[in-house]
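Worksheet: one structure, shown below.
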Amino acid sequence: MNATSIRVLVIDDYEPWRRFVCSTLQKRAEYRVSGEASDGLQAVQRAQQLQPDLILLDIGLPTLNGIEAARRIREVSPTSKILFVTETRSLDIVEQALSTGAGGYVVKSDAASELLPAIKAVLEGEQFVSASLGRSPSPHPPSQTGAKAPTTVVGVAPRHEVAFYSDDLQLLDHVTQFIGSALKAGNAAIVVATDSHRNNLLPRLQAFGVDIGTAIQQGRYIAVDADETLSTFVINGMPDPARFMEACGTLTLTAAKAALGQPPRVAVFAEDVHLLWERGNPEAVIQVEQLCNKLAQLYDVDILCGYSLGSGRGRMDDYFFQRIFAEHSAVHGRELCC
């Protein structure tokens, strides 16, 4: 590869981060930013149009998550090398990212020191994984053949979404459609919410066309208190992974047994993360979101995490929102928080 013409495509939905990356690359004469993209589908389109030498790719993208985008990019631009640059630290996600044929994985908080060395390594055909991840995942050499990557389910899957709401009315409307659609299809649903939201949701589901009494009797609708749910797995302010999987896994299996579909599916609306957010505990929020990713991997479950912006917004900065985005495959109400 001609070192004077390395064309780079930068893909990230956070514009200040793209500015940082572009500024870093522009200081090096051998790199030229040939394009940018802010969502997954646009990334695939830009890769097909530009055929860049290198693609810097985030995971938490709107429309299409970065891992699925990478798989499609391998088909439309097979010679492009891919380096994931993201804040997602789950080793399961690292494995899935590298299984697409990507050459490296850099954690954003380490990018100041690792981005350029990672780019150099990936361009030379070597694999690079951020040292802060603690250990290297199983190697997945970048494929130059354009062969389709494995279709393993990824942690940041289309089944784990997040929504931000400006008020209770907007929240209840969204949750009614999400939970109601699942119940009308014969699937099961779990609502982890405050007392007022659980009570106000019932008549809305009935008006949506759900026979909620029958769903409850069949065990297909389970509603639990968000605060009480937190108490089952949060210890000293932080979630205990084993207790989370035991409590939430048991609840999910109970609902799945009542689902009428084949295979059975469960829709979960989770508001407990919002309570942690209101209490000013962002690290606990991120850890719970990551545990939800694991739950989605283990069970056939659709998860919608909800945040009401009325009371907690002032205590969290944009960096925190970007970390939340990175743990989800789709973000609803992004314009309310950014």
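The values are calculated or read from the model by the stated rules, or taken from the named source; none is laboratory data. Only a predicted model underlies this, so the values are computations on that prediction, with no experimental measurement involved. Ideal geometry is used to build each Cβ from the backbone, glycine not excepted, and the neighbour counts take in all protein chains shown.
Summary of computed values
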| item | result |
| --- | --- |
| Residues of the range 169-186 that turn out to be surrounded by 23 or more Cβ atoms within 10 Å (Cβ to Cβ) and outside any helix (DSSP H, G or I), as a count | 0 |
| Test: residue in the range 159-172 that is of a type outside the set (A, V, I, L, M), more than 23 Å from the chain's Cα centre (by Cα), modelled with pLDDT of 85 or more and over 23 Å from Q290 (Cα atoms) | yes |
| Residue match in the range 82-94 (condition: of a type outside the set (A, V, I, L, M, F, W, C), modelled with pLDDT of 90 or more and within 26 Å of L133 (Cβ to Cβ)) | no |
| Among residues of the range 63-86, those that are in contact with a helix residue (DSSP H, G or I) (Cβ under 6 Å, 6 or more places away or on another chain), in a helix (DSSP H, G or I) and within 23 Å of F20 (Cα to Cα), counted | 2 |
| Subset tally (residues that are modelled with pLDDT of 80 or more, outside any helix (DSSP H, G or I) and within 24 Å of F233 (Cα to Cα)) for the range 291-338 | 10 |
| Qualifying position, being assigned by TED's automatic domain parsing to the domain that holds D168 and within 17 Å of I179 (Cα to Cα), among V234, V192, V273 | V192 |
| Residue within the range 102-112 that is of a type in the set (G, A, S), at pLDDT below 90 and part of a loop (DSSP other than H, G, I, E, B) present | no |
| From the options R19, R89, R32, R28, residue that is in a loop (DSSP other than H, G, I, E, B), more than 22 Å from H160 (Cα to Cα) and charged (D, E, K, R) | R28 |
| Condition check for K108: closer than 19 Å to L25 by Cα and touching a helix residue (DSSP H, G or I) at 6+ places or on another chain (Cβ under 8 Å) | yes |
| Of all residues making up the range 233-250, the number that are in a strand (DSSP E or B) and in contact (Cβ under 8 Å) with a residue 40 or more places away in the chain | 3 |
| Residues that are surrounded by 21 or more Cβ atoms within 10 Å (Cβ to Cβ) and aliphatic (A, V, I, L, M), drawn from the range 60-97 | L61, I67, A69, A70, I73, I82, L83, V85, I93, V94, A97 |
| Subset of the range 1-57 [small (G, A, S) and in contact (Cβ under 8 Å) with a residue 12 or more places away in the chain] | A3, S5, A29, S34, G35, A37, S38, G40, A43, A47 |
| Total residues in the range 255-278, condition part of a helix (DSSP H, G or I) and more than 25 Å from L171 (Cβ to Cβ) | 3 |
| Search result, residues across the range 238-253 that are modelled with pLDDT of 90 or more and surrounded by fewer than 18 Cβ atoms within 10 Å (Cβ to Cβ) | M238, D240 |
| Where A149 falls short, out of the listed (1) modelled with pLDDT of 90 or more; (2) touching a Ser or Thr at 6+ places or on another chain (Cβ under 6 Å) | (1) |
| Residues located in the range 187-199, provided they are in contact with a helix residue (DSSP H, G or I) (Cβ under 6 Å, 6 or more places away or on another chain) and surrounded by fewer than 22 Cβ atoms within 10 Å (Cβ to Cβ) | T194 |
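Listed here are the residues, each with its yes/no results for (1) of a type in the set (D, E); (2) within 22 Å of V331 (Cβ to Cβ); (3) over 15 Å from the mean Cα position of the chain (by Cα).
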site: E15; (1), (2), (3): yes, yes, yes
site: R19; (1), (2), (3): no, yes, yes
site: S23; (1), (2), (3): no, no, yes
site: K27; (1), (2), (3): no, no, yes
site: D53; (1), (2), (3): yes, no, yes
site: R71; (1), (2), (3): no, yes, yes
site: E87; (1), (2), (3): yes, yes, no
site: S90; (1), (2), (3): no, yes, no
